[in-house]
Each structure stands twice: as C-alpha cells, then as structure tokens.
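The values are calculated or read from the model by the stated rules, or taken from the named source; none is laboratory data. Values in this document were obtained by computation on a predicted structure and should not be read as measured data. We place every Cβ from the backbone using ideal geometry, glycine too, and count neighbours over all the protein chains shown. SASA here: full protein model, heavy atoms, side chains in, ligands and nucleic acids out. Shrake-Rupley method; radii C 1.70, N 1.55, O 1.52, S 1.80 Å.
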Amino acid sequence: MYEIVTKETVAPNIIHMKFKAPKIASSAKPGQFVIIRVDEKGERIPMGLAGWDEKEGTVDIVFYVLGTSTAKLSTMCEGDSLANIAGPLGKPSEIENFGRVICACGCFGVGPSLPLVKALKEKGNYVITVVEGRGPDFVFWTDRLGEFSDEVHVVTGCGKTAWANDFIEQELQSGKKINRIFAHGCPFMMKVSSDASRAAGVDTTVSLTPIMVDGTGMCGACRVEVGGETKFACVDGPEFEGHDINWDGLVLRLRQLIPEEDKSFNIWERDNWHKLMDCRHKKSFNPAKRMSVEEIEHTEANCKLAGV
Amino acid sequence: MEEMAEKLKLNRVEMPKQSPEKRRSNFEEVALGYTPEQAALEANRCIQCKKPKCVEGCPVGVNIPEFILALRDGDMPGAALSLKGKNSLPGICGRVCPQEVQCESRCVLGKKGAPIAIGRLERFVADWERVTKKCPPCELLPPSGKSAAVVGSGPAGLTCAADLARMGHKVTIFEALHEGGGVLVYGIPEFRLPKGIVRSEIEYVKSLGAELELDSVVGKQVQIDELLKGGYDAVFLGIGAGAPRFLNVPGENLSGIYSANEYLTRVNLMKAYKFPDYDTPIKKGKKVAVVGGGNVAMDAARSALRLGADEVHIIYRRSREEMPARLEEVENAMEEGVIFDFLTNPTRFLGDHRGMVNAMEVVEMELGEPDASGRRSPRVKKGSEHIVNVDTVVIAVGTVPNPLITSSTPELKATKWGTLVVDERGRTTMEGVWAGGDITTGGATVISAMGAGKIAAADIDHWLRKNGKWSES
C-alpha cells in the first residue's frame with residue numbers, strides 16, 4: 001500500500017499529493033509518469049511525476065479533480081493509502097544544455113514542470129518559466145519554480161501577454177534567441193503553445209497523458225498520431241514534438257468515454273458528496289475528524305442535507 | 001475381454017455446460033465440470049497403457065495414467081499429489097490447455113473413438129483439491145542459499161517460480177500490473193477461466209515460498225543487471241508477447257476501435273463488465289466486429305455478446321479451415337450466436353463527428369497457393385469492397401513482444417520479430433538470464449509457456465548448484 005504523506009489544495013480544484021513509494025522515488029527521472037489505482041474497484045490512470053525524494057522514499061503528483069478517479073483521490077487524506085502505484089513509466093525527458101529555453105506550464109502541468117525546470121537549470125540552461133492560470137487564484141508554485149528559473153512570468157489571460165502561447169509568440173517575435181520550448185498542461189494549452197512556435201521553427205516538447213490502461217505498452221489505448229505515425233504515449237512518450245501531433249485526434253480520443261464517465265461520476269457523487277464538499281471548501285483536512293459532526297456543520301446547506 | 005471392450009466404448013463422458021441462451025448474458029463459467037460420478041466413469045475408460053503416449057504429449061510431463069488411476073480408485077489426495085508433482089497450475093491447465101492437440105491426441109483410445117478426457121479429469125482433481133484443501137504438501141528441498149528473480153507472473157513465470165521454490169531456492173516474482181497472473185487475468189475471460197481459480201493457484205505458488213511483488217515494472221523501476229548485482233543469482237524472464245498488433249489501415253485510431261488486449265484487459269482485469277460498480281468503463285457496442293481468427297478473437301467476440309451487443313461478427317480473411325482458434329471455442333462462439341464472416345478483410349474505418357467509428361469498408365478475399373506456414377494465402381477479390389455499419393471494433397490479429405525490457409538491456413539479443421534468442425535450455429545471450437514463454441516464441445499457448453518455465457527452472461537449478469561458467473553446460 002502507498003500511504004499519502006501530505007495533501008494540499010494548491011489552487012481551486014487542483015491538489016498536490018505526496019505518497020510513500022520508495023522504489024519509484026529511487027528510479028524516477030524528469031518527464032516520467034506513474035499509473036495510479038485508488039482502490040480495489042478503481043481505474044488505472046496516468047499522472048505525471050511532480051517530484052520525488054529518494055531519501056524520504058516519496059513521490060509527488062499534482063492533479064485536477066475531474067471524474068470519478070480523481071474525485072475519489074481528492075477525498076483521501078494524509079494517512080490513507082492508495083491501492084497501487086506503478087512506475088516510473090515512459091521515457092525520461094531528453095535534457096541537454098540547449099541554451100535559452102521556455103518552460104510553459106499551467107493547471108496540473110505545473111507539477112511535472114518542476115523536476116524538468118530543475119534538471120534544465122542543472123544542465124546550465126537559461127530557463128524562462130511561464131506559469132499560466134485563469135486568474136491569480138489558479139497560479140501556484142511560482143516560488144518553487146523560481147528557485148531554478150532565471151525568469152518567472154505569470155500569465156492569467158489579461159494584459160500584454162494574455163496566455164502562455166501569447167508569451168511564447170511575443171518572445172519569439174521580439175527576436176530573442178530561444179533554443180527549445182517545453183509545454184505542460186491541458187491538450188488545448190499545449191496545442192496553442194506548439195502553434196505559437198511553429199512559424200519560428202523552435203522545437204516544442206509537450207507531454208501527453210491520454211487515456212491509458214496498463215501504461216506499459218500492452219493495450220494501445222493511448223495511441224496518438226505523431227508525424228503521421230501511430231505511437232503509444234505510454235512507451236514511445238509521454239513527450240513528443242508538439243508540431244507533429246494530430247491534436248484533433250488526440251482530443252477526440254480523450255473524450256470518447258464521456259457518457260460513461262458522467263454516469264460513473266454521478267453515481268459516485270450521490271454517495272460521497274460530503275467528502276467532495278470537504279475537499280473543495282478546505283485547504284486540507286484531518287482524516288480523524290473527517291466524519292465528525294463539527295466537520296459537516298460548517299455550512300447551512302450541509303447541515304440541511306446531512307439532517308443535523 | 002468384455003471389460004476391455006466396454007472401456008473402448010467410443011463415447012467419452014460429456015461435461016455439463018451452461019446453455020447458450022443463458023450463458024450469452026452472463027460472465028460465469030461456461031463449462032461446469034464433472035460430477036464425481038461422471039469423473040469416475042470417464043476415469044474408468046483409461047486402459048492404463050504400459051508405455052503411455054499421453055505423457056509424451058504433455059509439455060510439463062504430467063504422469064497422466066498415475067493420476068487417473070488414483071482418481072479411479074477413489075484416492076483423491078493421491079491423484080492431486082501426482083498432478084501437482086508436475087504441474088503447479090492444474091486448475092488453469094484443465095480449463096485452457098488445447099488437450100486435443102497434446103495429451104489427448106496421443107491417447108490410444110483415440111484410434112478407435114474418443115480419447116480419454118484428460119483435461120476434464122485434470123480439472124476435476126484440481127477443483128476437488130482447491131475446495132477441500134486435502135492434498136498433502138509437496139516435498140520442498142532444503143534451502144540452497146541461492147535466489148532467483150522471476151519477471152512476469154504469467155504461466156511461464158509462475159511455473160518457473162514454483163519449481164525453483166520447490167528446489168529450495170529463494171524466489172521473488174516481479175509483476176508490473178496490480179494483480180498476479182499475467183495473460184491469465186488480463187487476457188482470458190472469466191467465463192473461460194474464473195479469476196478465483198487463478199488467484200488460488202497463485203496462492204499455492206506463494207505457499208511454496210515464492211514472493212510476489214506487484215506494481216514492479218522491471219526495465220523501468222529496476223534493470224536486469226541491477227537485479228543480478230542486487231542479490232539475485234539468476235533471472236528468468238517470462239514477460240510474454242504483450243504488445244498489440246494493428247492492421248495499419250486508415251481510420252484505425254478512431255474511438256471505439258480497441259486492440260484485443262485493451263478490450264479484454266478492460267473487461268477481465270479491470271472488470272468493466274461490472275461498470276459502474278467498478279470504475280473502468282468500456283463502450284458497450286450494439287454491432288461489434290472482431291477482426292481475427294484465433295482464440296483471442298473468440299474471447300473478445302464472446303465478451304462483446306455478454307456485454308449486451310445485438311450482433312457480433314468475427315471478420316477473418318481466410319476460411320474456416322485455416323482458423324487457428326481451438327475447435328471447442330469456435331463451437332462455443334457459434335452456439336452463442338457469434339456470426340462468422342470468412343474471407344473478409346477490413347480496408348478502412350469510418351467515423352462520425354465525435355471521432356467514433358460507425359462503419360468499415362471490407363473486401364472479399366479468395367485463397368491462393370499455400371504460403372511458407374502451409375496456410376493458403378488470401379488475395380483480394382477485385383471490386384468486392386463494400387461498407388458495413390459497426391459501432392465497436394476489436395482488432396485481434398496477434399501480439400508482438402513488448403520491447404520494454406529488451407530496449408533497456410542491450411546484452412539481450414532479440415530476433416527481428418522482437419523475441420528473445422534462447423538456447424534449448426532457455427538461456428539468453430546474457431549471463432545469468434533465462435527466458436521462456438511468448439517472449440521467446442511469440443504468441444502461443446499457456447501450457448507451452450509453462451513447459452518453457454519448467455525447462456528453464458531445471459537448468460537454473462543445475463547452474464546454481466554447479467556454479468559453472470555460462471558458456472559451459
């Protein structure tokens with residue numbers, strides 16, 4: 001079993017968790033991911049590694065709560081254990097001294113960017129980090145990223161550089177030399193970031209986590225078209241050249257099970273809404289107190305629904 | 001003489017099955033197993049040959065006449081002990097072995113009529129032992145002080161681990177998935193091999209002293225040379241041929257098109273047939289096409305029926321004669337209502353605005369001259385292409401070895417098909433490393449993988465005790 005060591009809500013609906021997983025911690029490299037199964041009935045879902053500590057034997061993930069598996073995970077607390085974590089999976093990032101690099105990240109993509117930024121800095125790159133959020137509340141870890149970045153920029157959809165892709169476009173147009181771009185975030189953010197660098201022809205590495213089952217190259221659920229060829233994101237990736245990806249195909253495959261996912265989530269939520277409310281309305285909460293009346297009492301609506 | 005004539009009676013005792021109408025809507029086991037009376041009757045047909053040919057047909061060398069004799073005499077613990085002496089997974093083999101081309105094909109009764117139903121008797125003894133737990137413990141040799149790492153907990157790995165444990169070696173099995181059993185749990189459906197049986201046979205292997213480490217992806221989490229440096233004296237790779245093949249035709253990446261591995265893994269390992277009680281979903285198609293003609297295609301087609309499809313087609317490019325699936329599985333599928341479209345091949349898939357497959361173009365085929373494998377190679381009939389509507393497609397055209405370990409271990413030499421190069425003892429090109437099962441042969445059967453695991457275990461034992469050089473025997 002894999003115990004949750006720390007849990008923190010870092011932005012609305014975005015959670016950072018640290019687990020005990022010593023074997024993964026001692027072999028993880030930037031760019032790799034893990035497959036998580038929350039409980040005995042759970043799905044196997046991929047999560048980019050947001051850090052690890054070999055001494056402590058822990059690994060970190062950052063996830064966005066969307067659907068049954070991540071909702072279940074979000075309601076687990078420090079001291080609880082996950083059924084399974086397998087990894088590290090996928091190819092590690094190719095880290096070289098490229099020169100000047102932009103690392104663009106947003107949402108759950110901020111997580112896997114951290115080990116990447118650190119590794120790039122250690123190789124001697126000039127690292128320009130741009131953190132995207134749909135408002136100041138959604139921006140997190142600028143301090144952690146700042147430790148290893150030469151510049152940190154925050155973009156929240158307004159002002160001169162509205163989004164990460166606008167930032168990339170302006171940097172490239174201003175004539176500054178950029179040798180490599182990395183983008184981590186939702187598929188839309190990574191697509192527009194790749195589009196922004198296409199004209200300038202700067203290689204843009206993106207990290208994909210499509211629907212997976214085993215995560216070891218066995219099922220082919222994660223197939224994605226790259227440069228006209230079918231690749232498995234789990235073993236050929238998760239990193240690919242953003243300019244070569246068939247983004248429309250990727251997004252359609254990501255959305256293929258939405259009716260089933262909705263059904264699953266609706267049923268789960270009926271039985272577990274109170275846990276989800278706890279999770280959404282507090283930064284972190286104590287598992288020992290999770291079900292106590294005091295915990296449930298804090299809003300009028302909850303009192304009514306709980307019949308207190 | 002009269003007794004002998006009675007024994008040579010042509011018919012074997014039939015095994016009860018769920019009726020096709022009933023079973024096509026549940027995932028419970030199709031074959032129900034012999035009653036004690038039926039087992040005794042069938043066992044009594046065995047004429048106890050002095051030089052039994054059946055044993056030669058068994059890749060793991062089960063002493064078939066011995067266990068049947070014990071069964072006939074009512075000595076069930078003796079029958080179970082005899083069986084388990086050679087085969088650590090009898091409940092599995094009794095269900096999924098192709099006995100008709102192995103032990104049963106050699107049975108002398110087969111010359112006049114039907115051979116002894118060895119598989120059904122094996123299953124009967126194994127099930128008795130599992131329920132009663134009355135089999136005396138197998139003999140274990142004293143600890144050798146040596147240890148072995150077994151990578152993969154499928155049929156090859158489990159057999160190798162069980163044998164090594166019985167020989168007194170310390171064994172750790174590394175499994176990448178969250179459950180042990182490999183293809184036995186992700187590939188073969190519940191209605192053909194209940195997972196409870198796999199679990200209890202794994203428990204048996206563990207009871208011999210083997211440890212099972214789940215979620216351990218060798219090649220990623222730990223490398224082969226790290227295992228050898230980290231305290232293991234030998235490594236056995238039973239990692240299977242797990243990577244799916246696709247047709248490489250346009251539209252194959254549309255949603256609703258699954259590899260057989262994905263389809264069966266969702267259904268079997270992740271229990272998508274119990275969705276939404278279990279979290280893993282699967283598209284429950286109404287009109288399903290399964291492309292391929294092997295056992296995996298039959299498993300996928302029969303699973304699709306059980307998930308509630310109105311119509312399930314097997315699309316196979318050759319004719320029924322060339323189909324590699326076991327006869328029994330083809331008959332089961334036909335009884336349940338699977339429709340067979342022979343001499344048909346998909347050429348492209350079409351989808352709707354959501355990227356879901358909704359049709360496929362197929363061509364008709366005709367058979368030409370036999371190819372290198374002896375099968376007549378199919379040719380496209382010109383102008384025969386036409387569109388058929390489907391909402392789910394499963395591609396079951398075979399698997400190739402997964403390069404996860406070979407790509408990170410340059411010392412392991414592979415063939416151009418990706419299978420590992422091994423000698424007749426299972427030794428790879430890397431010192432201290434053996435391999436067996438689908439990783440060396442490409443997709444084959446459970447029992448041939450078990451046979452390879454057994455051969456490798458014997459050689460590992462020999463090598464560990466002799467402490468000899470790799471190049472010498």
Among the lysines, select those whose C-alpha is under 25 Å from the C-alpha of B:Lys286, and discard any that sit fewer than 8 residues away in the same chain. A:Lys263, B:Lys22, B:Lys271, B:Lys274
Hey, any idea what % of the stretch A:100-254's accessible area is carbon plus sulfur with a 1.4 Å probe? 48 percent
List the residues, sorted by chain then number, that are 5 or more residues from A:Tyr126 or on another chain and whose placed amide H is less than 5 Å from its amide H. A:Gly99, A:Arg100, A:Val101
Please report, to one decimal in angstroms, the Kirkwood hydrodynamic radius of the stretch A:100-254 built from all distinct Cα-Cα pairs. 15.7 Å
Working with all protein chains in place, sort A:Tyr126, B:Tyr186 by solvent-accessible area computed with a 1.4 Å probe, largest first. A:Tyr126, B:Tyr186
In debye to the nearest 20, the charge dipole size for the protein assembly as shown, taken about the Cα centre with +1 at each Lys and Arg Cβ and -1 at each Asp and Glu Cβ, equals 1040 debye
What is the average number of partner chain Cβ atoms found within 10 Å of a Cβ in B:213-220? 6
What lysines sit close enough to A:Lys18 to cross-link, taking a C-alpha to C-alpha distance under 23 Å and skipping anything fewer than 8 places away on the same chain? A:Lys7, A:Lys29, A:Lys41, A:Lys55, A:Lys72, A:Lys91, A:Lys118, A:Lys275, A:Lys282, A:Lys283, A:Lys289, B:Lys220
Based on Cα coordinates alone, diagonalise the gyration tensor for the stretch B:30-100, multiply each eigenvalue by 5, take square roots, and list the semi-axes in whole Å, largest first. 17, 16, 13
What total accessible surface area, summed over both chains, is buried at the interface between chains A and B, computed with a 1.4 Å probe and given in Å² to the nearest 100? 3600 Å²
Relative compactness, chain B, computed as alpha-carbon Rg over 2.2 N^0.38 Å: 1.01
Starting from the Kirkwood radius over alpha-carbon pairs of chain A, derive D by Stokes-Einstein at 37 °C in a medium of 0.692 mPa s and give it in µm² s⁻¹. 163 µm²/s
To the nearest 10 square angstrom, how much accessible area does B:Lys283 have with a 1.4 angstrom probe? 30 Å²
State the answer as a single residue: which of B:Val108, B:His178, B:Gly442 lies farthest towards the positive end of the charge dipole of the protein assembly as shown, with beta carbon charges of +1 for Lys and Arg and -1 for Asp and Glu, about the Cα centre. B:Val108
When DSSP assigns beta bridges and you keep just the ones with both residues in the stretch B:244-398, what percent turn out antiparallel, to the nearest 5? 50 percent
Using a Gaussian network for chain A with springs between C-alpha atoms less than 10 Å apart, which of these wobbles most: A:Glu269, A:Glu229, A:Glu171? A:Glu229
Considering only B:Met334, B:Leu269, A:Gly249, whose Cα is most displaced toward the positive end of the charge dipole of the protein assembly as shown, charges sitting on Cβ of Lys, Arg (+1) and Asp, Glu (-1)? B:Met334
How big is the C-alpha Rg of the stretch B:191-238 next to the rule-of-thumb value 2.2 N^0.38 Å, as a ratio? 1.47
For the stretch A:72-132 the trypsin sites (Lys or Arg not before Pro) that pass both the DSSP coil test and the at-most-13 other-Cβ-within-10 Å test are A:Lys123
What is the mean number of Cβ atoms from other protein chains located within 10 Å of the Cβ atom of each residue in peptide A:207-218, rounded to a whole number? 5
For B:Lys286, what accessible area in Å² do you get when you roll a 1.4 Å probe over the heavy atoms of the protein chains, rounding to the nearest 10? 110 Å²
Per residue, how many Å² of accessible area does the stretch B:244-398 show with a 1.4 Å probe? 39 Å²
When only Cα pairs under 8 Å and 6 or more residues apart are kept, what is the percent relative contact order across chain A? 17 percent
Amide H proximity to B:Glu211 below 5 Å, modelled H, separation 5+ or other chain, gives B:Val171, B:Thr172, B:Ile173
Excluding ligands, DNA and RNA, what is the solvent-accessible area per residue of the stretch A:100-254 at a probe of 1.4 Å, expressed in Å²? 38 Å²
Along the dipole axis of the protein assembly as shown (charges at Cβ: +1 for Lys and Arg, -1 for Asp and Glu; origin at the Cα centre), the most positive-end residue among B:Val151, B:Ser207, B:Gly57 is B:Gly57
Averaging 1/r across every pair of distinct alpha carbons in the stretch B:2-132 and inverting yields a Kirkwood hydrodynamic radius, in angstrom, of 15.0 Å
Per-residue ellipticity at 222 nm for the protein assembly as shown, helices alone: DSSP H runs ≥ 4 residues times -39500 (n - 2.57), over residue total, nearest 500 deg cm²/dmol? -9000 deg cm²/dmol
Check each of the GluC sites (Glu not before Pro) in the stretch A:1-43 and keep only those in coil by DSSP with at most 16 other C-beta atoms within 10 angstrom; list them in order. A:Glu40
Just to be sure I understand the model, the point goes 7 Å from the Cα along the line to the Cβ. What's the resulting B:Lys50 to B:Ser144 distance in nm? 3.7 nm
A correct Karplus calculation of ³J(HN,Hα) over the stretch B:408-422, with 6.51 cos²θ - 1.76 cosθ + 1.60, θ = phi - 60°, whole Hz and x for Gly and Pro, returns 9, 10, x, 5, 7, 7, 10, 7, 5, 8, x, 6, 7, 7, 9
Please tell me the relative contact order of the stretch A:25-154 in percent, rounded to the nearest whole number, where contacts are Cα pairs under 8 Å and at least six residues apart. 25 percent
Considering Cα pairs under 8 angstrom that are at least six residues apart, work out the relative contact order of chain B and quote it in whole percent. 15 percent
Where labels lie 7 Å past Cα in the beta-carbon direction, separation of A:Glu229 and A:Glu269 in nm: 4.2 nm
Hey, any idea what Rg/Rh is for the protein assembly as shown, computing Rh the Kirkwood way over Cα pairs? 1.00
Please list the helices of chain B that count as membrane-span-like by this rule: a mean Kyte-Doolittle hydropathy of at least 0.0 together with Cα atoms stretching 20 Å or more along the helix axis, each helix being a complete DSSP H run. B:446-466
Please find the FRET efficiency linking B:Gln223 to A:Met1, where r is the Cβ-Cβ separation and R0 is fixed at 22 Å, and quote it to the nearest 0.05. 0.30
Label point at A:Asp137 placed 7 Å out along Cα→Cβ; residues across the stretch A:32-68 whose backbone nitrogen lies under 14 Å: none
Straight-line reach from B:Lys146: which lysines have a Cα under 19 Å away, not including same-chain ones fewer than 8 places off? B:Lys170, B:Lys206, B:Lys229, B:Lys454, B:Lys466, B:Lys469
I need the P(r) histogram for the stretch B:372-419: all alpha carbon pairs, bin width 10 Å from 0 out to the longest distance, whole percents. 16, 25, 28, 22, 9, 0
Given a cut-off of 23 Å, what percent of all Cα-Cα pairs of the stretch B:244-398 lie beyond it? 35 percent
Which length gain, in nm to one decimal place, applies between B:Leu32 and B:Ala114 when the Cα-Cα distance is subtracted from 0.36 nm times their residue separation? 27.5 nm
May I ask you to give the average projected area over all directions of the convex hull of the Cα atoms of the stretch B:332-449, in nm² rounded to one decimal? 11.9 nm²
Size of charge dipole - chain B - debye, nearest 20, with Cβ of Lys, Arg +1 and Asp, Glu -1, no other charges: 360 debye
Give, as ranges by residue number, the residues of the stretch B:18-41 whose backbone N falls under 17 Å from the point 7 Å along Cα→Cβ of B:Thr132. B:34-41
Tell me, what is the FRET efficiency for B:Lys22 and B:Trp417 to the nearest 0.05, using R0 = 41 angstrom and their Cβ-Cβ distance as r? 0.45
So for R0 = 41 Å, FRET eff. of B:Glu211-A:Glu147 from the Cβ-Cβ r, to 0.05, ends up at 0.50
